Amino acid sequence: MFFSSFLCQVLGLVVGLSGVYLLMKYKQCSLYFSSSYITMPAILALTSAAFLLASGFLGSWLSIRDSTCLQGLFVYLLVVVFCLEATASALAFFHSVKLDSELSSLSGVFQNYAGDSHDPISQAVDATQEELQCCGVHDYRDWLETPWFNGTGGLFVPHSCC
């Protein structure tokens, strides 16, 4: 019983840290995504982490005290964690379609790209392309339809693409 409790605590810490990491990543990309549902996996991860940690501590206490009430609560918390994880999986599956529409709305951000180092949209686009090592939303051809590309005489994509 003590080993499973310790395992719940370790998994709770890992899931919690991954939830914090996801929230930080979503905060960096919040300019691009208009919907708040994109943060749902991080919130579910943090909630699951809280229940896993609570289950772990309850299991540790249960290994010291033998109580059927605490055993029932322990099993209940594990069922809640399972339901949260199943919900997160279902949401990830159903919202993958919404991600395509979010990505298509990114084209509007690229249409407003000015190439100016003082423009926040241009800075965000450049930083994202450099960090993700990508060019455009889908590929470099996304730039062929932007006013910035036409303003360069149709010869250049931004330096952050390279």
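Where a number appears in this text, it was derived from the coordinates with a stated rule and is not lab data. What you see is a predicted model; the values in this text were computed from it and never measured. Methodologically, a virtual Cβ is constructed for each residue, glycine included, from the backbone with ideal geometry; neighbour enumeration extends over all protein chains shown.
Some observations on this one:
- Close Cβ contacts (under 6 Å, 6 or more residues apart or on different chains) running from residues in the range 130-147 that are among the acidic types (Asp, Glu) to residues that are in a loop (DSSP other than H, G, I, E, B) comprise Asp142/Gly136.
- Answer from Leu84, Leu70, Leu62 - the residue that is closer than 24 Å to Val10 by Cα, part of a helix (DSSP H, G or I) and touching a residue at least 60 places away in the same chain (Cβ under 8 Å): Leu62
- With respect to being out of contact with any Phe, Trp or Tyr (no Cβ under 7 Å at 6 or more places or on another chain) and not basic (Lys, Arg), Leu77 falls outside the description.
- Across the range 100-119, the qualifying residues are those that are in a helix (DSSP H, G or I) and in contact (Cβ under 8 Å) with a residue 40 or more places away in the chain, and the one among them that is surrounded by the most Cβ atoms within 10 Å (Cβ to Cβ) is Leu106.
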